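> Quick one: this structure, given as structure tokens, is what I'll be asking you about.
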Amino acid sequence: MMKKILAKTSNRRYPIYIRRGISKSALKLIKGMFPGSHKLLLVTNDSIYSIYREMLEKNLASGDLESHIHTIKEGETYKSLDSSRELFDVLLKHNFHRNDLIVAFGGGVIGDLVGFAASTYHRGTNLVQYPTTIIGQVDSSIGGKVAVNYRDTKNIIGTFYQPHMIIMDPALLNTLDDSEIVNGLGEVIKYGLIFDSRILDALEKLVQRQEKISSITASRLFEDIIYRCARIKAAVVSKDEFDTGHRNLLNFGHTIGHALEKASGLTEISHGRAISLGMLVALDISAGLGSQNADLKKRMVHLYKKVGLPARIAGPGPEQLLEAAGFDKKFTSKKNKFVLLKALNRPFFYHGVPEEIIINAIKKNMG
């Protein structure tokens with residue numbers, strides 16, 4: 001059955017469609033939403049294109065839109081200004097206008113990059129987010145944060161640009177390898193920790209049932225998890241579209257997680273694994289400030305081991321991570337800011353965490 005979420009922001013309302021197998025009718029949905037569009041550019045990476053080439057070319061050929069496909073190389077490194085310039089060149093070459101369509105078919109890297117290009121080309125072109133990864137479906141495709149990396153600093157150049165439509169097909173997750181599934185589960189766990197403990201309960205139940213990690217995404221229960229996460233994200237965005245307050249709660253685990261990514265040059269550790277480690281550090285920082293999270297941390301470490309997420313930091317030391325965290329957007333020039341937990345589903349903000357508490361929390365999670 002088709003599930004639909006209506007995301008509401010200050011300047012746009014847009015539908016999020018979720019259904020296994022929706023890809024078969026995706027072009028029809030898109031054309032119905034944008035009757036005034038004449039051209040469509042689908043952007044993906046070379047790995048995803050190699051898997052879905054036949055499906056994409058067949059679906060695009062069945063419509064009456066002038067359609068083009070552009071691929072970039074896979075990896076966080078290619079979420080860059082150079083890649084955005086490539087997109088602008090393609091759009092100019094085929095004379096795209098703002099009423100035409102740009103479709104981001106891929107994970108968080110593709111969604112961020114294409115969203116950034118769509119937000120600036122003609123000062124805003126119709127954008128369809130079509131996520132193919134867990135992180136894309138539960139989090140990054142929703143809410144309009146679009147950005148590129150610059151000089152090993154993640155998402156440092158960007159803006160807010162809400163999509164006009166989101167299409168989620170859980171069947172696309174069946175082609176993910178185990179490593180990418182594990183990566184996505186980090187974001188799922190985040191939603192369970194800060195907003196809805198039923199997500200954690202469902203994931204733990206799935207892990208007990210399934211012998212292989214790849215079996216998790218094929219479950220109907222996992223589709224419900226995607227829907228729960230997407231609905232939470234849409235609700236949070238409607239309250240705080242421009243990330244000035246309430247939406248900051250979604251950054252739980254991201255302060256140290258992004259520092260890990262930066263200290264590793266954006267290539268050595270994936271986003272989901274980095275924020276998973278960041279969440280463990282955040283739990284220990286919370287404990288250092290008086291929260292009683294020992295049992296919750298034990299539960300998370302146990303779940304991490306079950307799904308294959310790392311439970312220990314390997315590589316950068318505490319001082320290096322603290323320095324890298326200084327580039328985080330949640331920091332001011334003089335004071336740090338962390339999202340922490342008083343208890344399960346009780347997040348709070350803390351400004352000015354003492355350095356010794358941060359360093360001790362990092363050390364507790366070092367390999």
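> What single numbered condition from (1) touching a strand residue (DSSP E or B) at 6+ places or on another chain (Cβ under 9 Å); (2) loosely packed, with under 13 Cβ neighbours inside 10 Å; (3) at pLDDT below 95 fails to hold for LEU65?
Of everything listed in (1) touching a strand residue (DSSP E or B) at 6+ places or on another chain (Cβ under 9 Å); (2) loosely packed, with under 13 Cβ neighbours inside 10 Å; (3) at pLDDT below 95, LEU65 misses just condition (2).
> Specify which of the listed residues (ASP177, ASP169, ASP201, ASP224) is in contact (Cβ under 8 Å) with a residue 60 or more places away in the chain and farther than 30 Å from GLU323 by Cα.
Working: ASP177 fails: in contact (Cβ under 8 Å) with a residue 60 or more places away in the chain; ASP201 fails: in contact (Cβ under 8 Å) with a residue 60 or more places away in the chain; ASP224 fails: in contact (Cβ under 8 Å) with a residue 60 or more places away in the chain.
When all the criteria are applied, what remains is ASP169.
> Sticking with this structure for a sec: Has the range 103-114 got any residue that is surrounded by fewer than 17 Cβ atoms within 10 Å (Cβ to Cβ) and either on the phi > 0 side of the Ramachandran plot or not basic (Lys, Arg) (or both)? Before the answer, list the steps.
Within the range 103-114, the first condition is being surrounded by fewer than 17 Cβ atoms within 10 Å (Cβ to Cβ), and the residues that meet it are none.
Scanning the range 103-114 turns up no residue that is surrounded by fewer than 17 Cβ atoms within 10 Å (Cβ to Cβ) and either on the phi > 0 side of the Ramachandran plot or not basic (Lys, Arg) (or both).
> Something else: Answer yes if at least one residue in the range 236-247 is β-branched (Val, Ile, Thr), buried (at least 21 other Cβ atoms within 10 Å of the Cβ) and closer than 23 Å to VAL301 by Cα, and no otherwise.
No; the residues of the range 236-247 include none that is β-branched (Val, Ile, Thr), buried (at least 21 other Cβ atoms within 10 Å of the Cβ) and closer than 23 Å to VAL301 by Cα.
> Based on this model, can you work out whether GLN137 counts as closer than 25 Å to GLU241 by Cβ, at pLDDT 95 or above and not in a helix (DSSP H, G or I)? Lay out the reasoning, then the answer.
Working: closer than 25 Å to GLU241 by Cβ: yes; at pLDDT 95 or above: yes; not in a helix (DSSP H, G or I): no.
No.
> Would you confirm whether any residue within the range 80-100 is surrounded by 18 or more Cβ atoms within 10 Å (Cβ to Cβ) and β-branched (Val, Ile, Thr)?
no
> Taking the stated definitions as given, is THR159 among the β-branched types (Val, Ile, Thr), without any contact (Cβ under 8 Å) to a residue 60 or more places away in the chain, in the same structural domain as LEU113 (by TED's automatic domain parsing) and under 24 Å from LEU56 (Cα atoms)?
Numbers: among the β-branched types (Val, Ile, Thr): yes; without any contact (Cβ under 8 Å) to a residue 60 or more places away in the chain: yes; in the same structural domain as LEU113 (by TED's automatic domain parsing): yes; under 24 Å from LEU56 (Cα atoms): no.
When the stated conditions are applied, THR159 does not pass them.
> While we're here: Filter the range 10-19 down to the residues that are modelled with pLDDT of 95 or more and over 20 Å from GLY108 (Cα atoms) and list them by number. Lay out the reasoning, then the answer.
Taking the range 10-19 as the starting set, the residues that turn out to be modelled with pLDDT of 95 or more are 13-19.
ARG13 - this is the single residue of the range 10-19 that is modelled with pLDDT of 95 or more and over 20 Å from GLY108 (Cα atoms).
> For THR125, indicate whether it is crowded, with 17+ Cβ neighbours inside 10 Å, at pLDDT 95 or above, in the same structural domain as GLY144 (by TED's automatic domain parsing) and within 21 Å of the chain's Cα centre (by Cα).
Values: crowded, with 17+ Cβ neighbours inside 10 Å: yes; at pLDDT 95 or above: yes; in the same structural domain as GLY144 (by TED's automatic domain parsing): yes; within 21 Å of the chain's Cα centre (by Cα): no.
Here the answer is no, as THR125 does not meet what is asked.
> Would you check if GLY272 is in contact with a Lys or Arg (Cβ under 7 Å, 6 or more places away or on another chain), under 27 Å from SER80 (Cα atoms) and surrounded by 15 or more Cβ atoms within 10 Å (Cβ to Cβ)? Explain how you work it out, then say what you get.
Working: in contact with a Lys or Arg (Cβ under 7 Å, 6 or more places away or on another chain): no; under 27 Å from SER80 (Cα atoms): yes; surrounded by 15 or more Cβ atoms within 10 Å (Cβ to Cβ): yes.
Criteria not met by GLY272.
> Considering the range 142-157 alone, what residues qualify as being among the hydrophobic types (A, V, I, L, M, F, W, C) and either under 17 Å from ALA274 (Cβ atoms) or assigned to a loop (DSSP other than H, G, I, E, B) (or both)?
Of the residues in the range 142-157, the ones among the hydrophobic types (A, V, I, L, M, F, W, C) are 142, 146-148, 156-157.
Those that are among the hydrophobic types (A, V, I, L, M, F, W, C) and either under 17 Å from ALA274 (Cβ atoms) or assigned to a loop (DSSP other than H, G, I, E, B) (or both): ILE142, ALA147, ILE156.
> Here is a follow-up. Inside the range 2-85, counting only strands (runs of 3 or more DSSP E) that do not spill past its ends, which hold 1 or more residues that are acidic (Asp, Glu) and in contact with a Leu (Cβ under 6 Å, 6 or more places away or on another chain)? Step through it out loud before you land on a result.
Numbers: elements: 3-8, 13-18, 39-45, 66-72.
Where strands (runs of 3 or more DSSP E) fall fully within the range 2-85, none carries at least 1 residues being acidic (Asp, Glu) and in contact with a Leu (Cβ under 6 Å, 6 or more places away or on another chain).
> Being closer than 24 Å to GLU74 by Cβ and surrounded by fewer than 17 Cβ atoms within 10 Å (Cβ to Cβ) is the filter here, so list the residues in the range 1-46 that pass it.
The one that is closer than 24 Å to GLU74 by Cβ and surrounded by fewer than 17 Cβ atoms within 10 Å (Cβ to Cβ): ASP46.
> Follow-up. With respect to LYS79, is the statement that it is of a type in the set (Lys, Arg) and either under 19 Å from the mean Cα position of the chain (by Cα) or closer than 28 Å to SER179 by Cα (or both) true?
Numbers: of a type in the set (Lys, Arg): yes; either under 19 Å from the mean Cα position of the chain (by Cα) or closer than 28 Å to SER179 by Cα (or both): yes.
Considered against the rule, which asks whether it is of a type in the set (Lys, Arg) and either under 19 Å from the mean Cα position of the chain (by Cα) or closer than 28 Å to SER179 by Cα (or both), LYS79 comes out as yes.
> Can you find even one residue in the range 169-177 that is farther than 30 Å from ASN126 by Cβ and in a helix (DSSP H, G or I)?
Residues of the range 169-177 that are farther than 30 Å from ASN126 by Cβ, as a first pass: 177.
Filter once more, so that each one left must be in a helix (DSSP H, G or I): none.
Checked against the condition, which is being farther than 30 Å from ASN126 by Cβ and in a helix (DSSP H, G or I), the range 169-177 yields no hits at all.
> What number of residues in the range 248-280 are among the hydrophobic types (A, V, I, L, M, F, W, C) and within 15 Å of MET366 (Cβ to Cβ)? If you could, list the steps in order and put the result at the bottom.
Kept after step one, since they are among the hydrophobic types (A, V, I, L, M, F, W, C), are these residues of the range 248-280: 249-250, 252, 256, 259-260, 263, 266, 269, 274-275, 277, 279-280.
Those still in the list that are within 15 Å of MET366 (Cβ to Cβ) too: 256, 259-260, 263, 269, 274, 277, 280.
Residues meeting the conditions: 8.
The values are calculated or read from the model by the stated rules, or taken from the named source; none is laboratory data. Predicted, not measured: the structure shown is a model, and the values here were computed from it. So basically every Cβ, Gly included, is an ideal-geometry build from the backbone, and we count neighbours across all protein chains shown.
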